[in-house]
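The values are calculated or read from the model by the stated rules, or taken from the named source; none is laboratory data. Please read all numbers here as calculations on a predicted model, not as lab measurements. For neighbour counting, all protein chains shown are included, and Cβ atoms are generated from backbone atoms with ideal geometry for every residue, glycine included. Just so you know, the surface numbers come from the protein's heavy atoms only, side chains and all, with ligands and any DNA or RNA stripped out. Shrake-Rupley method; radii C 1.70, N 1.55, O 1.52, S 1.80 Å.
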Amino acid sequence: TGLIRTALMNMDREAKEYYEVIIQAKDMGGQLGGLAGTTTVNITLSDVNDNPPRFPQKHYQMSVLESTPVSSTVGRVVAKDLDEGINAEMKYSLVDGDGLDVFDINTDPNYQVGIITVRKPLSFESKKSYTLKVEGANPHLEMRFLNLGPFRDTTTVHISVEDVDEPPVFEPSFYFVEVPEDVEIGTTIQIISAKDPDVTNNSIRYSIDRSSDPGRFFYVDITSGALMTARPLDREDVSWHNITVLAVELNNPSQVGSVSVTVKVLDVNDNAPEFARFYEAFVCENAKAGQLIQTVSAIDRDDPQEGQHFYYSLAPEAANNPNFTLRDNQDNTAWILTRRSGFRQHEQNTFYLPILISDNGRPVLSSTGTLTVHVCSCDDDGMVMSCNAEAYVLPVSLSRGALIAILACIFVLLVLVLLILSMRRQRKQPYIIDEEENIHENIVRYDDEGGGEEDTEAFDIAAMWNPREAQLVVKNRQDMLPEIESLSRYVPQACVMDNNVHNYVLAKLYEADMDLWAPPFDSLQTYMFEGNGSVAESLSSLQSVTTDSDQSYDYLTDWGPRFKKLAEMYGATDSSGALW
């Protein structure tokens with residue numbers, strides 16, 4: 001039939017999984033002389049769950065730091081199963097031990113291993129080691145192979161907790177404190193407590209995180225942890241304080257613990273009531289007695305538990321006020337009423353009414369507010385027309401036309417004064433200096449160049465040595481008027497010391513240093529008709545040749561008799577080479 005059957009019982013895939021069978025077929029019933037053919041048949045055994053899981057070792061040793069976060073991995077365990085696929089799937093669980101509530105185990109579906117993790121925070125000081133019994137089992141079983149089981153196995157895991165240097169721990173982990181706002185400075189409002197959880201139990205030092213208390217309202221004792229007030233508290237300014245207290249190990253300052261402290265400031269009646277705003281009332285001249293002119297209300301920064309209630313009355317000095325009266329409405333408001341009629345602006349246009357406001361706190365606090373009442377002119381309907389009293393009353397003997405004439409005259413006089421001032425400002429000041437100035441600072445304008453040493457009319461050198469006498473003997477040229485006279489008439493002659501030019505210059509320098517409004521220069525010398533365009537052209541030596549030997553002064557002889565002396569001084573030569 002060509003049907004292939006098994007020849008052995010209980011074949012084991014784990015021992016031999018693949019078989020190769022050669023099949024031969026013959027004709028003629030297999031008799032001699034018949035023909036034959038062969039084929040190869042490959043046979044693969046499929047897996048069944050006939051092998052239970054087994055742990056390769058019965059004891060595992062693991063360790064974990066006490067600071068390990070929750071859900072962190074502690075270690076791995078694995079149970080071997082010779083089957084494959086779904087038959088090799090595993091499920092791990094903790095079945096016994098003293099760490100069932102501290103540790104947990106999960107199954108990795110890809111690698112079929114058991115992963116032990118931390119379930120709760122660890123503490124070396126509380127418990128140093130744990131023992132767990134771990135079970136690995138096949139979740140998919142075949143009933144016909146149960147006799148080969150059990151299809152589960154167990155192992156024991158020992159976990160050691162290692163000690164680490166931990167920061168201080170506060171007990172409790174949160175503080176809530178209530179304190180009245182009138183507490184005295186230095187009062188202890190709470191004892192903050194922390195301890196070192198390590199076996200060494202190091203000493204603790206306390207402090208406040210200043211970023212949580214920028215106003216520095218509190219202080220904590222460095223050794224005892226006593227939280228005290230360092231500044232007056234005011235609920236109306238800051239009603240809640242959230243501060244952070246730090247605890248540091250004395251031997252290891254890097255280990256820092258912290259705790260939050262919430263301070264609620266309780267209210268104390270320390271603020272007097274006052275007007276809700278500035279009140280300004282108006283009363284008509286034709287107002288009747290008992291007429292309402294203003295409703296006032298008050299505010300109080302305090303917040304009593306029983307609520308706020310204000311009481312109004314006229315201040316003692318205004319208790320018998322003949323003009324106005326007050327009615328307390330018992331709803332934290334009050335009415336201001338007129339007590340009489342017949343108000344007149346020209347008699348009194350403004351009244352000031354002091355009102356006493358009290359609260360219901362303990363102790364009772366009060367303050368006085370002032371209501372300003374203006375007397376106004378109103379129409380028949382009570383609408384305000386004018387609240388300004390006339391500044392003055394015209395005399396009977398002075399008519400309106402005379403008053404207008406007086407005002408017109410005053411206006412004309414003011415216009416004339418302004419016009420005169422404007423003309424003075426626009427007038428140009430002549431640039432002429434009187435003869436009191438120092439002669440050596442003269443700025444003189446001439447139509448032609450000077451005549452050398454023979455020209456004794458322009459300047460007297462004696463003025464350089466005695467400026468005081470120069471004022472009396474200074475000579476003016478008859479043929480030419482200076483364009484600008486001396487500027488030194490503004491220099492006090494008391495500053496000129498001795499008959500020495502050097503001392504005079506020092507005096508001028510001292511005066512310039514002491515005068516904050518003096519210009520940053522001594523004088524400005526301006527000479528006309530020198531340089532380009534003049535007969536003498538430029539007298540400056542800046543553009544001359546380098547040495548005197550290279551310079552020719554022959555042209556000086558062409559300038560006429562006035563420059564003869566100058567030509568002789570500069571050594572103009574004739575054709576024979578002799579100086580003349």
Selection count, segment 68-117, where residues are among the β-branched types (V, I, T) and out of contact with any strand residue (DSSP E or B) (no Cβ under 9 Å at 6 or more places or on another chain): 1
In segment 98-107, the residues that are open to solvent by less than 30 Å² (accessible area, probe 1.4 Å) and free of Cβ contacts under 8 Å to residues at least 60 places away in the same chain: V102, F103, I105
Check on V64, more than 30 Å from S126 (Cβ to Cβ) and either assigned to a loop (DSSP other than H, G, I, E, B) or touching a residue at least 60 places away in the same chain (Cβ under 8 Å) (or both): no
Residue count for segment 295-332, restricted to those that are acidic (D, E) and closer than 19 Å to Y279 by Cα: 3
Only listed residue being within 57 Å of the chain's Cα centre (by Cα) and modelled with pLDDT under 85, chosen from A389, A402: A389
Conditions (1) open to solvent by 20 Å² or more (accessible area, probe 1.4 Å); (2) closer than 25 Å to N388 by Cα; (3) touching a Lys or Arg at 6+ places or on another chain (Cβ under 9 Å); (4) part of a strand (DSSP E or B); number of the one not met by L337: (1)
Members of segment 143-154 that are of a type outside the set (A, V, I, L, M, F, W, C), open to solvent by 70 Å² or more (accessible area, probe 1.4 Å) and not in a loop (DSSP other than H, G, I, E, B): R144, N147, R152
Scope segment 268-300; condition charged (D, E, K, R) and out of contact with any Ser or Thr (no Cβ under 8 Å at 6 or more places or on another chain); matching residues: D270, R277, D300
Residues that are in contact with a Phe, Trp or Tyr (Cβ under 8 Å, 6 or more places away or on another chain) and within 15 Å of Y175 (Cβ to Cβ), drawn from segment 190-218: Q190, I192, S193, A194, I208
Among (1) in contact with a Leu (Cβ under 7 Å, 6 or more places away or on another chain); (2) open to solvent by 50 Å² or more (accessible area, probe 1.4 Å); (3) assigned to a loop (DSSP other than H, G, I, E, B) - the single one H140 does not satisfy: (1)
Meets criteria (assigned to a strand (DSSP E or B) and not assigned by the TED database to the domain that holds V113) for I22: yes
Which numbered condition M62 fails, given (1) open to solvent by 30 Å² or more (accessible area, probe 1.4 Å); (2) touching a strand residue (DSSP E or B) at 6+ places or on another chain (Cβ under 6 Å): (1)
Selection from segment 83-97 of residues that are surrounded by 19 or more Cβ atoms within 10 Å (Cβ to Cβ) and of a type in the set (D, E): D83
Candidate set from segment 67-82 (those that are open to solvent by less than 60 Å² (accessible area, probe 1.4 Å) and touching a residue at least 60 places away in the same chain (Cβ under 8 Å)); member that is farthest from F145 (Cα to Cα): V74
Flag for I23 being among the hydrophobic types (A, V, I, L, M, F, W, C), within 30 Å of R144 (Cβ to Cβ) and open to solvent by 30 Å² or more (accessible area, probe 1.4 Å): no
Residue among L100, L65 that alone is closer than 15 Å to E135 by Cβ and out of contact with any Lys or Arg (no Cβ under 6 Å at 6 or more places or on another chain): L100
Residues satisfying the stated conditions in segment 79-130, i.e. touching a Ser or Thr at 6+ places or on another chain (Cβ under 9 Å), within 30 Å of L45 (Cβ to Cβ) and assigned to a loop (DSSP other than H, G, I, E, B): A79, E89, M90
Residue check, R301 closer than 17 Å to S366 by Cβ and either open to solvent by 30 Å² or more (accessible area, probe 1.4 Å) or in the same structural domain as G361 (by the TED database) (or both): yes
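A quick yes/no check of all residues on (1) more than 20 Å from P69 (Cβ to Cβ); (2) over 53 Å from the mean Cα position of the chain (by Cα):
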{"residue": "G99", "(1), (2)": "no, yes"}
{"residue": "V113", "(1), (2)": "yes, yes"}
{"residue": "R119", "(1), (2)": "no, no"}
{"residue": "F124", "(1), (2)": "no, no"}
